[in-house]
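K.L.:
The following block contains the structure, expressed as structure tokens.
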Amino acid sequence: MHPLNEPNPSDPSGSAVPPAANWTPETWRSRVDPTAKAVVAPYPDEAQVRQAAGVLGSLPPLVTSWEVERLKQLIAQAQEGKRFLLQGGDCAETLDECTPGVITAKLKILLQMSLVLVYAGKKPVIRVGRMAGQYAKPRSSMSETRQIDGQTLTLPSYFGDLINRAPFTLECRTPNPWLMVEGYKHAAMTLNFVRSLLDAGFADIHHPEYWDLGFMRHADLTPELRDEYSRLKAMVADGLRFMSAMGQKPGGDPQSVEFYTSHEGLNLEYEAAQTRTVPRRSGHYNLSTHMPWLGERTRRLDGPHIEYFRGIRNPVGVKIGPSTTAEELLRLIDALNPGDEPGKLVLIPRMGVAKVERVLPGLIDAVRIAGRRVLWTCDPMHGNGIVTSGGVKTRSFDDVLAELEASWDIHRAHGSFLGGVHIELTGLDVTECIGGSAGIRESDLSRSYHTLCDPRLNYEQSLELAFLLARRMQRVSAEPNTGVTTPPAFDVGDRHRH
Ligand code: PEP
Ligand code: CO
């Protein structure tokens with residue numbers, strides 16, 4: 001928690017809003033959430049936690065306050081309908097999967113999805129990975145019981161590699177504070193590789209001929225959809241060619257592709273240890289990530305997580321599930337963004353397709369009537385979990401798409417607009433979610449099921465989702481009166497720097 005010397009200290013943004021009153025990075029410790037025990041198992045040795053946090057606090061930050069403020073500005077523009085937010089990545093990153101192949105594939109799918117959305121929505125896309133720190137997972141049960149060699153064994157649940165390890169042994173499952181330092185180092189390596197790939201151009205993104213679009217040839221696709229996919233693909237390719245004809249080299253300019261990180265701010269020991277002041281700015285920044293988010297299970301108004309989140313300068317996301325009432329949401333907004341700061345708050349509803357029509361309209365109306373500034377996005381993953389008859393956790397591509405499309409329509413019907421999506425995905429060829437035009441069936445799930453937590457869309461399903469959302473966006477931009485401002489931008493990402 002030392003003050004840092006950063007570049008660009010002259011950027012004054014963020015200082016207009018006074019720091020939160022009666023807050024320090026440690027005030028959350030005075031709040032006890034009786035349900036939090038079911039979220040993270042406690043560490044057995046407090047002295048070790050203090051030592052590990054001390055090490056963490058002495059290491060250099062992963063991101064700078066300048067980047068954090070820049071993301072806030074971009075989100076502020078998204079709140080005005082001028083940008084779209086794409087947030088995506090694994091449910092849980094693991095230390096073992098901090099490998100070049102996994103990172104490259106994830107970055108590639110996120111960037112390709114963003115390009116599809118840029119061209120369809122005619123507005124720049126803010127790219128935020130669930131990456132470089134998404135290592136902590138809330139669980140609904142503190143412990144897990146298994147039968148091992150005829151014996152019943154109960155151990156702490158697996159809470160993500162930042163807290164304990166997945167193998168079902170006492171040693172692995174006991175929360176270990178030094179994993180915070182390990183997680184931090186892996187986040188640093190991930191981010192370092194992402195920054196290098198982007199600086200070097202990363203050709204796979206910008207040449208649709210390298211895209212893996214084999215799924216388009218699949219028999220399950222209707223001729224109409226096949227035509228639309230081909231048209232969209234041609235449009236993206238044309239746009240990229242146009243840019244190079246104009247002398248703009250996609251990816252050639254180190255600043256040309258901006259990418260931001262996010263993770264669930266679950267383990268407050270980890271978050272607090274990297275929360276710092278910086279010279280010439282007021283307030284504290286969580287410099288372990290650009291945009292931490294508050295999970296559905298930890299956003300209790302009187303809980304420690306809200307207390308921590310209310311004080312940091314970062315833009316923050318908050319998940320809201322189907323039990324959220326309008327009153328609760330307005331109180332959440334008040335707590336997290338009392339000054340109505342632009343770009344500060346991203347709402348991430350995760351209602352599930354069965355409930356979204358019933359719950360979302362009232363929340364949208366309440367926020368609109370109260371005149372509060374938020375960015376509405378949609379997480380169509382976490383409300384749509386199902387378990388197969390064989391006991392495998394999965395999600396149906398159709399449900400995911402249906403919630404996304406319903407959210408899009410509900411916003412439009414309520415004088416609002418969907419400003420982003422939040423997706424659990426991987427760039428790899430896994431079989432964890434069913435459906436999509438590549439036709440993954442229940443019987444395929446065992447073929448390549450790797451997630452340690454929630455099932456993710458694979459490369460093809462993710463790209464297809466982007467195409468289908470793009471189709472929706474295009475239909476809207478073709479309509480005469482949308483009630484939503486769609487600026488006529490032609491901009492791959494953030495080429496026009498501010
Ligand atoms: C998640 O994003 O992985 C998650 C646990 O989500 P939620 O808090 O919405 O359940
Ligand atoms: Co998840």
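The values are calculated or read from the model by the stated rules, or taken from the named source; none is laboratory data. Just so you know, these numbers come straight off a predicted model, no measurement behind them. Every residue, glycine among them, receives a Cβ derived from its backbone with ideal geometry; neighbour counts consider all protein chains shown. Heavy atoms of the whole protein, side chains included, go into the accessibility calculation; ligands, DNA and RNA do not. Shrake-Rupley method; radii C 1.70, N 1.55, O 1.52, S 1.80 Å.
K.L.:
Might you check whether a residue that is at pLDDT 80 or above and surrounded by fewer than 18 Cβ atoms within 10 Å (Cβ to Cβ) occurs anywhere in the range 208-228?
P.N.:
Checked the range 208-228: at least one residue is at pLDDT 80 or above and surrounded by fewer than 18 Cβ atoms within 10 Å (Cβ to Cβ).
K.L.:
Against the condition within 25 Å of Lys185 (Cβ to Cβ), modelled with pLDDT under 95 and open to solvent by less than 40 Å² (accessible area, probe 1.4 Å), how does Ala41 come out, does it pass?
P.N.:
So Ala41 fits the description; yes.
K.L.:
Answer yes if at least one residue in the range 271-289 is in contact with an Asp or Glu (Cβ under 8 Å, 6 or more places away or on another chain), closer than 29 Å to Asn384 by Cα and not basic (Lys, Arg), and no otherwise.
P.N.:
No; the residues of the range 271-289 include none that is in contact with an Asp or Glu (Cβ under 8 Å, 6 or more places away or on another chain), closer than 29 Å to Asn384 by Cα and not basic (Lys, Arg).
K.L.:
Please state which of the following conditions Ser407 fails to meet, knowing it meets all the rest: (1) of a type outside the set (A, V, I, L, M); (2) within 15 Å of ligand 1 (Cβ to nearest atom); (3) surrounded by fewer than 17 Cβ atoms within 10 Å (Cβ to Cβ).
P.N.:
Result: Ser407 passes all but (3).
K.L.:
If you scan the range 419-461, which residues turn out to be touching a strand residue (DSSP E or B) at 6+ places or on another chain (Cβ under 6 Å), open to solvent by 20 Å² or more (accessible area, probe 1.4 Å) and within 16 Å of ligand 1 (Cβ to nearest atom)?
P.N.:
Asp454
K.L.:
Residues Val68, Val118: which one is away from ligand 2 (no atom under 16 Å from the Cβ), open to solvent by less than 20 Å² (accessible area, probe 1.4 Å) and either more than 16 Å from the chain's Cα centre (by Cα) or free of Cβ contacts under 8 Å to residues at least 60 places away in the same chain (or both)?
P.N.:
The conditions single out Val118.
K.L.:
Yes or no: Pro292 outside any helix (DSSP H, G or I) and surrounded by fewer than 19 Cβ atoms within 10 Å (Cβ to Cβ)?
P.N.:
For Pro292, the condition - outside any helix (DSSP H, G or I) and surrounded by fewer than 19 Cβ atoms within 10 Å (Cβ to Cβ) - is not met.
K.L.:
Could you check how many residues of the range 280-325 are of a type in the set (Lys, Arg), within 16 Å of ligand 2 (Cβ to nearest atom) and in contact (Cβ under 8 Å) with a residue 40 or more places away in the chain?
P.N.:
Residues that pass the stated criteria total 2.
K.L.:
Also: Please find, among Ser143, Ser196, the residue that is within 25 Å of Leu268 (Cβ to Cβ), away from ligand 2 (no atom under 16 Å from the Cβ), over 20 Å from the mean Cα position of the chain (by Cα) and modelled with pLDDT under 95.
P.N.:
Ser143
K.L.:
Let me ask another. Look through the range 80-111, keep the residues that are outside any helix (DSSP H, G or I) and touching an Asp or Glu at 6+ places or on another chain (Cβ under 6 Å), and return whichever of them is surrounded by the fewest Cβ atoms within 10 Å (Cβ to Cβ).
P.N.:
Residue satisfying both the conditions and the ranking: Leu95.
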